[in-house]
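Here the structure comes first, spelled out in structure tokens, and everything after it is commentary.
The values are calculated or read from the model by the stated rules, or taken from the named source; none is laboratory data. Everything quoted here is computed from the prediction, not taken from an experiment. All Cβ positions, glycine included, derive from the backbone under ideal geometry; neighbour counts span all protein chains shown.
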Amino acid sequence: MGNGKQILQRKIKNQRKRFAQLLFMSVLFIYTVTIKHVPNCTCPDFGKGNLCKHIFFIYLKVFRLNRDSSFIYQKALLSKELRSIFANAAPDPTVLANQSVRDKYKTFTSGELVSDTNGNENEKRRPIEGNCPICYEPLEEKDHKNIVWCKEGCGNNLHKDCFEQWKRSKRGDKVTCVYCRINWEESGSELLINEEGYVNLGDVQGMNTIRDTTSYYRKYRSWY
């Protein structure tokens with residue numbers, strides 16, 4: 001099962017349907033497992049038609065099903081089976097990702113900063129007012145989702161699109177703040193998305209971001 005599997009969120013929709021936002025594997029990509037009449041997962045393995053280990057993790061670690069339960073291997077569940085699974089589920093805080101990871105995930109999905117401390121990070125930000133230092137157009141509070149700011153240094157704001165042009169102009173050099181020239185810290189909404197389209201939170205969790213493939217099934221083996 002691995003040690004990198006942790007839950008970001010669990011949302012109860014009703015008796016027949018639950019959502020669990022999950023962090024899985026040693027590199028901490030985010031996949032969504034949905035337990036309903038036809039359980040599914042957003043991981044590539046499930047997309048190939050397999051009953052993936054993320055669904056097994058939910059059944060065994062979150063819903064605490066017995067390893068011998070027939071529910072685990074069913075591709076579809078009856079309403080009474082879902083009610084039975086949910087009724088016996090006991091909350092387990094040990095499977096939650098740490099607070100920093102959950103805050104970064106909320107920042108990424110909402111587009112708004114969620115501090116992983118006590119809000120001190122936001123206190124450094126200057127009021128959204130005046131003109132953008134790149135395009136010289138006004139900065140407006142109502143457009144805050146399209147505005148970024150310098151977290152490591154001066155706290156000044158600028159348009160996100162303008163900053164992206166500034167980043168491109170650096171051509172591989174260190175990206176710095178337009179105002180104070182300190183190295184720029186990316187916000188949680190700019191987290192690394194890999195070539196497969198999955199968000200990687202491994203650095204936030206403090207885990208190795210190199211995928212461990214030693215336990216993967218190899219269809220073709222060399223025999224000596």
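For the range 99-153, which positions are touching a Leu at 6+ places or on another chain (Cβ under 8 Å), at pLDDT 65 or above and in the same structural domain as Val178 (by TED's automatic domain parsing)?
Ile128, Glu129, Gly130, Asn131, Cys132, Pro133, Ile134, Leu139, Ile147, Val148, Trp149 - these are the residues of the range 99-153 that are touching a Leu at 6+ places or on another chain (Cβ under 8 Å), at pLDDT 65 or above and in the same structural domain as Val178 (by TED's automatic domain parsing).
Return the total of residues in the range 69-87 being exposed (fewer than 10 other Cβ atoms within 10 Å of the Cβ) and among the aliphatic types (A, V, I, L, M).
Residues flagged as exposed (fewer than 10 other Cβ atoms within 10 Å of the Cβ) and among the aliphatic types (A, V, I, L, M) within the range 69-87 amount to 2.
Suppose we keep only residues that are modelled with pLDDT under 75 and part of a loop (DSSP other than H, G, I, E, B) within the range 10-41. Which one would you say is surrounded by the most Cβ atoms within 10 Å (Cβ to Cβ)?
Leu28
Quick one: what pairs do we get from the range 39-52, first residue farther than 18 Å from Leu77 by Cα, second among the acidic types (Asp, Glu), C-beta under 7 Å, 6+ apart or different chains?
Partner pairs satisfying both residue conditions: Pro44/Glu196.
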